[in-house]
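Heads up, the thing below is written out as structure tokens.
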Amino acid sequence: MATNRTFTMIKPDAVEAGNIGAITKMIQEAGFRIVAMKMTKLSEERAGQFYEVHSERPFYNDLCNYMSSGAIVPMILEKDNAVEDFRTLIGATNPAEAAEGTIRNLFAESIEANAIHGSDSDENAAIEGSFFFSATERF
Ligand code: CMP
């Protein structure tokens, strides 16, 4: 079923490199409406909670360390077919495999520092959006 909301965050590598504006511009030009947005920083513990689903993966500790290493920009986005269309816009997890012109192809540094996150399902989009934004911020 096509849905209309997804969750994203611009990751520390892309924030540090000064790419918030360029990435946000691509998101809006692709037809997404920014419903909620802020700049914040995760503690290692909060990063661990966000990525709990990956806690058994070998890269989990490095990922939590990296995701708490600098500022991030979480957002809730709205568009028809949001989850799927946003994953197309950002490209594959590994930037070496990301299609030309995608956000990760243009801005990611590595498979870990891959510039941006995109929810993989409607259910996770709702959970992840609630992780960062209160009900009154998700209007
Ligand atoms: P994201 O889409 O936010 O979801 C999980 C994150 O884990 C992923 O982006 C990458 O930042 C990271 N990741 C996934 N696979 C690997 C890997 N093989 N090695 C290191 N980090 C990874």
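A few remarks follow.
- Of all aspartates and glutamates in the structure, those lying under 20 Å Cα to Cα from LYS25, and not within fewer than 8 positions of it along the same chain, are ASP13, GLU16, GLU78, ASP80, GLU84, ASP85, GLU100, GLU109.
- Helical mean residue ellipticity (222 nm; -39500 (n - 2.57) per DSSP H run of 4+; nearest 500) of the chain: -10500 deg cm²/dmol
- For a paramagnetic label modelled on SER110 (point 7 Å from Cα along Cα→Cβ), amide N atoms under 17 Å away belong, within region 1-36, to 11-17.
Laboratory data are not the source of any read-out in this text; all were calculated from the coordinates shown. It should be emphasised that the depicted structure is a prediction, and the values quoted were computed from it without experimental measurement. Backbone-built Cβ (ideal geometry, glycine too); neighbour counts: all protein chains shown.
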